[in-house]
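> Got a structure for you, written out below as structure tokens; questions coming shortly.
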Amino acid sequence: MTYRSAGEGPPHDASIGHRVPRIVEFLGYIPYDHPRNMTVGGSKGSISGNYAMENADLLVAVGTRFVGQSDCSRTGYPKVRRVININTDPDAATHYGQTIALVGDAGPTLRRLIETLKQCGAGAPDSPSPWMAECTKQRQAWEAFKTKRYNTPTLFDADFGEVVLTQPAAIKVAADWAKTNNVVSFFDAGDVQANGFQIVEDDRLGRTFTDTGASYLGWCEVHPNTKKCIYVRAYPRLKHYGEEDQLVDHQVPPVDYDLWQSSSWLNFYMGRDHTAKRLGIEPPKPKQPKKQKE
């Protein structure tokens, strides 16, 4: 990713961008407490990050390859009509249609854009726009959501039969200790990594390293360096025929654990699983009891 090429943080001018919220997929690139930082977006995202993703009509992407969870498999920006993509990789820069691809190093490119905007008369508004004001409300809602969970650090676990420390509370304690002691944190894949990505509040680059929801160079997460992800293989083939939107015709929902260790064939033909429901296969109606002869 090319985030680091911009230096310790994104080049910016204090008089520009007050209307623009930012979604961060690289922890510490923008300080967590920055007023325009909407934090994480995507399938591991926050209330504010996903709100910005769902409602923005312009996407300025810097150093992202747009795979996996970072854009919810191309469903994360439903209202975006134009994309400005800054990337050193031409393929990544042209990933989406309706894109102005700026192929080059992020730092110099962003500085050039800022100068151009200033020459066009861009400056700070007298007050935050309604869009920025609503994004700020969503960020406040996200902070309240997290605080509520931090304030309830233990819950009764029926499997263990006792009160246990919740995962968000445990990760928060570890993350705060690492930040206080200037210790670098590494989050591996899985639910701990997902929670950590939402909880960490880095103020600079280099504090935390975590998988941001994109398989390395498009490799399958189960068979790295052996097989490419099936979606990475499918996308360019469909795009050649202008049919890539087939990949977002429907979203696969989370696992239904009520069906755990049951027959997939029966779940389909009995109308229980998500595919059956999408195809309109309904569960069989219960048989009516036979009437007794008088």
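The values are calculated or read from the model by the stated rules, or taken from the named source; none is laboratory data. Keep in mind the model is a prediction, meaning the values are calculated, not measured. Heads up, the Cβs are rebuilt from the backbone with ideal geometry, glycines too, and the neighbour counts pull from every protein chain shown.
Here is a yes/no grid of residues against (1) in a helix (DSSP H, G or I); (2) out of contact with any Cys (no Cβ under 9 Å at 6 or more places or on another chain); (3) at pLDDT 80 or above:
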residue: A14; (1), (2), (3): no, yes, no
residue: G17; (1), (2), (3): no, yes, no
residue: E25; (1), (2), (3): no, yes, no
residue: H34; (1), (2), (3): no, yes, yes
residue: K44; (1), (2), (3): no, yes, no
residue: Y51; (1), (2), (3): yes, no, yes
residue: E54; (1), (2), (3): yes, yes, yes
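> Determine whether segment 181-189 contains at least one residue that is modelled with pLDDT of 90 or more and either out of contact with any helix residue (DSSP H, G or I) (no Cβ under 8 Å at 6 or more places or on another chain) or of a type in the set (F, W, Y) (or both).
Yes, segment 181-189 has at least one match.
> Take segment 252-294 and flag every residue that is closer than 30 Å to T94 by Cα and either in contact with a helix residue (DSSP H, G or I) (Cβ under 6 Å, 6 or more places away or on another chain) or surrounded by 13 or more Cβ atoms within 10 Å (Cβ to Cβ) (or both).
P253
> Separate question: Do we have any residue at all in segment 265-280 that's within 28 Å of Y77 (Cβ to Cβ), in a helix (DSSP H, G or I) and touching a Phe, Trp or Tyr at 6+ places or on another chain (Cβ under 8 Å)?
yes
> Only residues in segment 153-179 that are among the small types (G, A, S) count as the first member; pair them with residues that are outside any helix (DSSP H, G or I), Cβ under 7 angstrom, at least 6 apart or cross-chain, and list the lot.
Pairs that qualify, where the first residue is among the small types (G, A, S) and the partner is outside any helix (DSSP H, G or I), are A169/P153; A175/S185; A175/V200; A178/S185.
> Conditions: (1) polar (S, T, N, Q); (2) surrounded by 15 or more Cβ atoms within 10 Å (Cβ to Cβ); (3) out of contact with any Gly (no Cβ under 8 Å at 6 or more places or on another chain). N151 meets all but one. Number of the miss?
Every condition holds for N151 apart from (2).
> Within segment 120-147, can you find the residues that are polar (S, T, N, Q) and modelled with pLDDT under 90?
Correct list: S127, S129.
> I'm trying to understand the selection: among the residues of segment 63-88, which are outside any loop (DSSP other than H, G, I, E, B), at pLDDT below 70 and either among the hydroxyl-bearing types (S, T, Y) or surrounded by fewer than 17 Cβ atoms within 10 Å (Cβ to Cβ) (or both)?
Correct list: S70 only.
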